[in-house]
Amino acid sequence: MERTWMRALALSMGVAFLAGCGGGDAGKGGSQAEAAAKGGTALTGAGATFPYPVYSKWFDAYGRGHGITVNYQSIGSGGGIQQVTAGTVDFGASDAPMSAAEQAKAPGILHLPTVMGAVAVTYNLPGLAQPLKLSGPVLADVFLGKVTKWNDPAIAADNPGLALPATGIVVAHRSDGSGTTYVFTDYLSQVSPEWKAKVGNGKSVSWPGGMGAKGNEGVAGAVKQTPGTIGYVELAYATQNHLSMASLKNQAGQFVAPSVESTSAAAAGVAERTAGGDFKQSLVNAPGAATYPIATWTYLLVPAHWTDCGKANAFAGLVSWSLTQGGAMARELSYAPLPDQVRTGVLAQLGKVTCGPGNEAVKPAA
């Protein structure tokens, strides 16, 4: 029997990843006991599956060298927002910024970008002679259920000369609250007025059809196992699963494949927009001939004040190390490090976090 994606990923990285946190004292007990036995600090987090591959590698590498145990649940952005709001984890993670209503329930939560990634449109069409090309409106029509065959004239027009099969299209989408879905549907809403009117964008939407799967790993598995399927996953999941990926037509009219380079191109000029410390800036459908149009960054959701200074300082050290020393690891997994100016701004925001009864400024652990 084929191993699951998550098991294969963990084995390939050599990560002894802690699972089953669940929030609350019961969830934290195991990691706290283990950290205490080692004389270290335990941190708990939950949220986006989008950055799980790089987070697991960062958290393991830093933790081994600094006596920190990080228990991160890859449960989806919606779950991460819920848990950090409830205070059952030390930090959350989301690819979608918190809405005004969500922020009102958790005032003071900081959005700290950590890395950039691409939402790849993946498909399973054995024997296709060359990579598929898709324009935005055609992709929207596929997910709307208007384009149902792979040899539909609309797809053929994007792929002149390519022999397309006359098989039916099976759509795979997320079934859980997902930042990846937020980014993907934001793109579809920008390129298709019909999608915007009928479905819109959000972490969860009312899908016109298709099959749902949990997490990026679930959608990747659905595409891999079912011929004729199309779905959307973070680039690292597509790469690890050897999935075919479509080149998408960008604002400049160029078909561009997802990559570290085309993701980085989407961030051109973003430093100026975040100069005031507002990192809730979209990278979707950004201009530029070399830009991949479904690029995004992902956030850590961080309380502005921590009761426990030991945890706060350990977390600050973890984030600082990840942003300054973790770039090579990120690139190996097909993520793009933050632009220098943005990284500097994020570290400045992190420095505003306080802890303890005296509201001390965090001091990243060495």
> Which of the listed residues, Pro364, Ile68, Leu162, is farthest toward the dipole's positive end in the chain, when Lys, Arg count +1 and Asp, Glu count -1 at the beta-carbon?
Replying inline: Leu162
>> Per residue of segment 274-287, what does 6.51 cos²θ - 1.76 cosθ + 1.60 with θ = phi - 60° give for ³J(HN,Hα)? Whole Hz please, x for Gly and Pro, Karplus curve as stated.
In response: 9, 4, x, x, 8, 9, 7, 10, 7, 9, 6, 6, 6, x
> Taking the highest mean first, how do the peptides 79-91, 59-71, 198-210, 226-238 order by number of other beta carbon atoms within 10 angstrom per residue?
Replying inline: 226-238, 79-91, 59-71, 198-210
>> Pick from Leu164, Leu350, Leu323 the residue whose mean-square fluctuation is largest in a GNM of the chain, springs joining Cα atoms under 10 Å.
In response: Leu164
>> Can you find, among Phe279, Phe255, Tyr123, the residue sitting farthest towards the positive end of the charge dipole of the chain, where Lys and Arg contribute +1 and Asp and Glu -1 at Cβ?
In response: Tyr123
> Expressed as a rounded percentage, what relative contact order does segment 119-273 have, with Cα pairs under 8 Å and six or more residues apart?
Replying inline: 34 percent
> Which whole-number percent gives the relative contact order of the chain, counting Cα pairs below 8 Å spaced six or more residues apart?
Replying inline: 21 percent
> Across segment 235-243, in residue order, what do the Karplus-derived ³J(HN,Hα) couplings come to in whole Hz, using 6.51 cos²θ - 1.76 cosθ + 1.60 with θ = phi - 60° and x for Gly and Pro?
Replying inline: 3, 4, 5, 5, 5, 4, 8, 6, 8
>> Under the rule of at least 5 residues apart or a separate chain, name every residue whose amide H is placed under 5 Å from the amide H of Val170.
In response: Thr229, Ile230
> When we measure straight from the Cα of Lys198, which lysines land under 28 angstrom away, once same-chain ones fewer than 8 places off are left out?
Replying inline: Lys133, Lys146, Lys149, Lys214, Lys249, Lys280
> Once you treat every alpha carbon in the chain as an equal point and sum by Debye, what is log10 I(q)/I(0) at q = 0.10, 0.11 Å⁻¹?
Replying inline: -0.60, -0.72
>> Quick check on segment 119-273: of the DSSP beta bridges with both residues there, what percent are antiparallel, nearest 5%?
In response: 60 percent
> Which of the aspartates and glutamates could a cross-linker span from Lys196 if the Cα-Cα distance has to be under 16 Å and same-chain partners fewer than 8 positions apart are dropped?
Replying inline: Asp141, Asp186
> What's the Kirkwood radius of segment 119-273 in Å, using all Cα pairs?
Replying inline: 15.7 Å
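Every read-out reported here was derived from the displayed coordinates using simple, explicitly stated rules and does not represent laboratory data. What you see is a predicted model; the values in this text were computed from it and never measured. Backbone-built Cβ (ideal geometry, glycine too); neighbour counts: all protein chains shown.
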